[in-house]
Amino acid sequence: MTNTTALVLLGLALAAVAVLGGYAVKLWREVRRREAFRQDELRRAHDNCVENLEMVATALQQGQVDITEGAWRCKTLLDILDSSLSSRPEFAAFTEVHERTRHLHTHSARHALTPKERFREDRERWKVEKEWRDAVMESAARVVACRGHWPNTLQ
């Protein structure tokens, strides 16, 4: 192999390495951009969930939503934020109401019930609401008290 051939091959190899290196940098930047976008989306979803949780808790305190529905919504939002939150003592009332009423029919399934069955379920729900009202209201107050102090990254 002549020196000229070796230099040409070396030049081609260096050009190929430079092109591949440039492409690798481009891909690396794209990965960083996508990761930043994903982190921003997670932060916005977290903030939105916290905002919704605070609104439902405030609605509970103001009597704008019944105890069962408010507890269900708060439990669901807490689970979305961090599945361990709904089992914490200060929020356990939401979970308890959910557990005691989750077998009751909702939406179209409720409409399919006879009036007698619907009334039976209503009495059962009212009983749970009466028993757990104070605890749910206290948990709602704790949610509202956390306003602005929720961790940004609850996983």
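The values are calculated or read from the model by the stated rules, or taken from the named source; none is laboratory data. Bear in mind the structure is a predicted one, so any value in this text is a computation, not a measurement. Cβ: placed from backbone, ideal geometry, glycine included. Neighbour counts: every protein chain shown. We work out accessible area using only protein heavy atoms, side chains counted, and drop any ligands, DNA or RNA first. Shrake-Rupley method; radii C 1.70, N 1.55, O 1.52, S 1.80 Å.
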Exercise. Taking Cα atoms, how many degrees apart are the long axis of helix 3-61 and the longest axis of the chain, rounded to 10 and kept between 0 and 90?
Worked result: 10
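Which percent of the accessible area of the range 42-155 is formed by carbon and sulfur heavy atoms (probe 1.4 angstrom)? If you can, show how the numbers build up before the last one.
Values: 3640 of 7020 Å².
Heavy-atom surface of the range 42-155 belonging to carbon and sulfur, 1.4 Å probe: 52 percent.
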Exercise. Put +1 on the Cβ of every Lys and Arg and -1 on every Asp and Glu Cβ in the chain; which of 55, 103, 31 then has its Cα farthest towards the positive end of the dipole?
Worked result: 31
For this session: Identify all aspartates and glutamates with a Cα-Cα distance to residue 127 below 19 Å; exclude those on the same chain that are fewer than 8 residues away in sequence.
Result: 66, 69, 96, 99, 117, 138
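Against the empirical 2.2 N^0.38 Å scaling, what ratio does the C-alpha Rg of the range 18-155 come to?
Taking the Cα Rg and dividing by 2.2 N^0.38 Å, one obtains 1.48.
With each run of n ≥ 4 DSSP H residues scored as -39500 (n - 2.57), what mean residue ellipticity at 222 nm is computed for the chain after dividing by its residue count and rounding to the nearest 500 deg cm²/dmol? Don't skip to the end; give the middle numbers.
On the way: 5 runs with 120 residues, N = 155.
It comes out at -27500 deg cm²/dmol, rounded to the nearest 500.
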Exercise. Dipole size in debye (nearest 20) for the chain around its Cα centre, Lys and Arg Cβ +1, Asp and Glu Cβ -1?
Worked result: 360
Problem set entry | For the range 15-132: relative contact order, % (alpha-carbon pairs under 8 angstrom, 6 or more apart) | 19
Exercise. Cα axis of helix 92-101 to longest principal axis of the chain: angle in degrees, 0 to 90, nearest 10?
Worked result: 70
